[in-house]
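Here's the structure we're looking at; comments come further down.
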Amino acid sequence: MTNPRKVEVGNVIFSNNSDFVLIAGLNVLEDERTILEVIEEIKKVTKELEIPFIFKASYDKANRSSIESYRGPGIDKGLDILGKLKSDHDLLVVSDVHSPEEAIKASKVLDLIQIPAFLCRQTDLIESASSSNIPVNIKKGQFLSPSEIKNIIKKFEHYGNKDLLICERGTSFGYNNLVVDMLGLAQLKTYEYPVIFDVTHSLQEPGGMGESTSGRRSFSLDLAKSAISIGIAGLFLETHPDPDNAKCDGPCALPLKHLKEFLIQIKAIDKLVKSFQGIEIS
């Protein structure tokens, strides 16, 4: 049996054998009204259900399909917004970084750095994120097998960072499609670091709309229940009050009105699964 590590982000503890943590918010920073509506609802629901919560929103979506697509306010304005949200609403915050320079600048505001899947093997970015002295959520590339994440873990450890979360976000399956390998999710747990399941981006159909990505949000609860039943540290979830008009990845976003009933079911499964005694099968 593996010995799960614990990673602390502020007052929140991630561990594969502890109660799950929710990383949730918007795909990208939008208008103030939408941001506040999402924050207020997530805070209300997670407080009521006693679920630890970290707010996520990207200041820049640097890998959008089309040059016409909305990217966000950019790093300087975006970090100012996230910093104000953090202080005004007593939040822990996470956002994506895309370069070594961004990692250094963003670490002064963020509580958790996130490295996008497409950049997960970039050594200079890993080195910079590691030197920031804050925890990192690394998304496993859609092009990687579960076993290849060991090479990324070794890079982080080489640069002195063991405050690491490993995030599964689906695997490429031919053109314009992703699948989730639940056996692979279980394999990631054997590397002892806390495992996060990205519900939202696992629902993607990359490039499925030509100039943007399509998705299958109607299956979000099915994937989330499957993943949480394996006994993992947390879920990553994007939610929006009006997904059809979201600035990015609306087809994959959970409608905000369903958040409470969604989390009630997830918490029940998490509690049940983690109440069982593990069985070492060889």
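The values are calculated or read from the model by the stated rules, or taken from the named source; none is laboratory data. In this text the structure is predicted, and so the values were computed from the model without any measurement. Don't worry about glycine lacking a Cβ; one is built from the backbone with ideal geometry, like all the others, and counts go over all protein chains shown.
Odds and ends about this structure:
- When residues of the range 232-246 are limited to those that are within 30 Å of Pro73 (Cα to Cα) and not in a strand (DSSP E or B), the one modelled with the lowest pLDDT: Ala246
- Qualifying positions in the range 143-177 - over 20 Å from Ala129 (Cβ atoms) and touching an Asp or Glu at 6+ places or on another chain (Cβ under 8 Å): Pro146, Gly170, Thr171, Asn176, Asn177
- Checked against (1) modelled with pLDDT of 85 or more; (2) within 16 Å of the chain's Cα centre (by Cα), Gln204 meets all criteria but (1).
- Lone unmet requirement of (1) surrounded by fewer than 19 Cβ atoms within 10 Å (Cβ to Cβ); (2) closer than 25 Å to Phe197 by Cβ for Leu22: (1)
- Qualifying residue in the range 139-151 (condition: over 24 Å from Lys56 (Cα atoms) and among the charged types (D, E, K, R)): yes
- Hits in the range 25-56 - residues which are surrounded by fewer than 19 Cβ atoms within 10 Å (Cβ to Cβ), farther than 21 Å from Phe14 by Cβ and either touching a helix residue (DSSP H, G or I) at 6+ places or on another chain (Cβ under 7 Å) or of a type in the set (Asp, Glu) (or both): Asp31, Glu32, Glu37, Glu40, Glu41, Glu48
- Selection within the range 247-282 - more than 14 Å from Val199 (Cα to Cα), hydrophobic (A, V, I, L, M, F, W, C) and not in a helix (DSSP H, G or I): Cys248, Phe276, Ile279, Ile281
- Looking across the range 157-194 at every residue that is touching a Phe, Trp or Tyr at 6+ places or on another chain (Cβ under 9 Å), of a type in the set (A, V, I, L, M) and under 20 Å from Ser226 (Cβ atoms), the one that is surrounded by the fewest Cβ atoms within 10 Å (Cβ to Cβ) is identified as Val179.
- Unique residue being closer than 25 Å to Glu205 by Cβ and under 20 Å from the mean Cα position of the chain (by Cα) when the list is Asn27, Asn17: Asn27
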